[in-house]
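Heads up, the thing below is written out as structure tokens.
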Amino acid sequence: MRMSFLGAAGTVTGSKYLLEHEGQHVLIDCGLFQGYKQLRLHNWDPFQLPVRELDAVVLTHAHLDHSGYLPVLARNGYRGPVYATAATCELVKILLRDSGRLQEEEAEFANRHGYSKHTPALPLYTEQDAERALKLLRPVELNHRVDIVPGMSIQLRCAGHILGAATVEVVAGGVTLVCSGDLGRPNDPLMFAPETIEQADYLLVESTYGDRRHPVESPEEQLAQVINRTAMRRGITLVPSFAVGRAQLLMYHLYRLLQKRAIPDLPIYLNSPMATDVTRLYQRFRSEHRLSREECEGMCHVAHFVRTTQESINLDLQRTPAVIIAASGMATGGRVVHHLKALAPNPINTLLVPGFQAGGTRGAQIVAGAESVRIHGKDVPIRAEVVPMETLSAHADADEIMQWLRGFKRPPKHTFVVHGEPNASDVLRRRISQELGWSVSVPEYRDSVELSAADQPASPSL
Ligand SMILES: [Zn+2]
């Protein structure tokens with residue numbers, strides 16, 4: 001089996017791993033590149049092979065950096081199956097439609113305001129391309145082996161990262177390959193721990209936090225402090241958030257804080273129709289998270305769901321303390337960008353920025369202390385208080401990744417460290433080599449390796 005790294009090598013976005021076995025081509029994850037412009041430009045690169053030669057796609061989870069490239073494949077003629085868990089399929093329906101709409105809106109906005117260097121600015125794909133991709137989704141059950149193409153089967157297991165997230169075990173030609181996808185945390189309040197895997201010939205492991213340990217303090221304490229401090233100033237706490245996973249985790253903590261009366265009874269808005277739809281899926285897929293019925297209902301009802309654009313605009317005009325949670329998570333697009341324009345220049349407000357912010361995104365610039373960020377062709381000053389918050393991560397940190405790796409009964413023949421900024425991947429590579437004594441490397445974009453069966457050489461040539 002041959003494997004090519006078409007994304008998330010040397011970076012955290014664009015996850016795509018192409019497997020080739022006996023003339024069959026299977027893509028594990030189909031993600032968008034996000035962040036730095038030179039990375040985003042890869043979204044426009046021609047695909048590795050004519051898409052009609054692609055036989056199947058498997059998704060680890062729904063986040064756009066793992067699923068958001070599907071509409072490009074569909075537009076270019078891909079009509080094969082896309083396998084994922086049922087919850088991932090439902091989430092992908094919400095995310096891709098929104099992504100298509102957003103791509104169209106941004107191109108249209110750029111054309112209307114004339115700030116694109118390209119005339120006319122074209123969307124990477126449209127909502128209609130997304131609809132085409134959604135027809136290809138094939139839900140598969142966790143912990144069941146499924147034949148996907150002749151000579152190749154997969155098994156998905158809980159990865160604990162977000163609703164529906166899975167690790168993928170691929171078996172083909174006597175070789176077992178495990179792809180970690182994004183790994184969750186062992187003690188997340190919402191998600192179950194990632195399931196231990198005991199055996200693989202080859203392993204792909206993510207390294208988003210490969211060089212870091214998450215802070216141990218309670219996210220609820222930090223949230224309460226920030227919200228109370230901002231409310232004293234009569235300001236608004238704005239939280240850029242992924243619509244999937246983080247928004248729900250935030251709402252869960254806010255629900256608990258209100259119950260404990262640790263924050264005042266101020267209005268909380270979830271300004272993301274997409275996050276609203278996602279939240280409802282938590283009620284539908286009750287067995288796939290840790291919340292009791294009561295907690296799930298509490299989380300779902302803690303925030304006012306903002307639907308229309310007018311309601312969204314009105315939020316910026318209000319003069320009373322409030323909390324606004326809005327997508328996107330790294331402030332690269334979505335309604336949070338409009339809130340930033342209105343709220344960031346005023347020092348009474350707070351920008352609470354949770355989780356990992358990929359280099360090149362507005363979120364990363366804000367956390368790094370930028371005096372202004374560029375929005376819709378204008379510089380917007382950042383005078384609001386900025387509070388990065390790493391405790392709300394849906395990713396395992398370095399120690400937690402190592403703990404998951406120790407679940408293997410014997411070392412894989414070779415481990416590839418992927419899905420990390422260069423330093424994070426390299427630090428994790430060294431730990432795996434030194435602490436576990438495994439054969440390990442960090443592949444580069446477009447590297448291709450032969451994964452040999454058991455009796456052949458142990459380490460692949462890069
Ligand atoms: Zn993810």
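The values are calculated or read from the model by the stated rules, or taken from the named source; none is laboratory data. Everything numeric here is computed off the predicted structure, so don't read it as measured data. Heads up, the Cβs are rebuilt from the backbone with ideal geometry, glycines too, and the neighbour counts pull from every protein chain shown. Each accessible area value is taken on the protein alone, full model and side chains, heavy atoms only, with ligands, DNA and RNA left out. Shrake-Rupley method; radii C 1.70, N 1.55, O 1.52, S 1.80 Å.
Restricting attention to the stretch 22-47, the residues that are surrounded by fewer than 21 Cβ atoms within 10 Å (Cβ to Cβ) and in contact with a strand residue (DSSP E or B) (Cβ under 6 Å, 6 or more places away or on another chain) total 1. Note on the stretch 272-299: residues that are over 23 Å from CYS158 (Cα atoms), within 23 Å of the chain's Cα centre (by Cα) and open to solvent by less than 20 Å² (accessible area, probe 1.4 Å) total 2.
Inspect the stretch 428-443 for any residue being of a type in the set (Phe, Trp, Tyr) and buried (at least 22 other Cβ atoms within 10 Å of the Cβ) and give the result as yes or no. Checked against the condition, which is being of a type in the set (Phe, Trp, Tyr) and buried (at least 22 other Cβ atoms within 10 Å of the Cβ), the stretch 428-443 yields no hits at all. The requirement of being in a loop (DSSP other than H, G, I, E, B), surrounded by fewer than 24 Cβ atoms within 10 Å (Cβ to Cβ) and not assigned by TED's automatic domain parsing to the domain that holds ILE94 is satisfied by ARG261. Are any residues in the stretch 385-413 part of a loop (DSSP other than H, G, I, E, B), away from the ligand (no atom under 16 Å from the Cβ) and open to solvent by less than 10 Å² (accessible area, probe 1.4 Å), and if so, which ones? Result: PRO412, single match.
Scanning for something away from the ligand (no atom under 16 Å from the Cβ) and out of contact with any strand residue (DSSP E or B) (no Cβ under 9 Å at 6 or more places or on another chain), does the stretch 144-161 turn up at least one residue? Taking every residue of the stretch 144-161 in turn, none turns out to be away from the ligand (no atom under 16 Å from the Cβ) and out of contact with any strand residue (DSSP E or B) (no Cβ under 9 Å at 6 or more places or on another chain). Does THR13 fit the bill of being outside any strand (DSSP E or B), among the β-branched types (Val, Ile, Thr), under 21 Å from ARG132 (Cα atoms) and within 16 Å of the ligand (Cβ to nearest atom)? So THR13 fails the test. Would the stretch 70-78 turn up any residue that is within 16 Å of the ligand (Cβ to nearest atom) and either free of Cβ contacts under 8 Å to residues at least 60 places away in the same chain or within 19 Å of ALA130 (Cβ to Cβ) (or both)? Yes, the stretch 70-78 contains at least one residue that is within 16 Å of the ligand (Cβ to nearest atom) and either free of Cβ contacts under 8 Å to residues at least 60 places away in the same chain or within 19 Å of ALA130 (Cβ to Cβ) (or both). May I ask you to verify whether ARG138 is basic (Lys, Arg), crowded, with 19+ Cβ neighbours inside 10 Å and closer than 24 Å to LEU281 by Cα? When the stated conditions are applied, ARG138 does not pass them.
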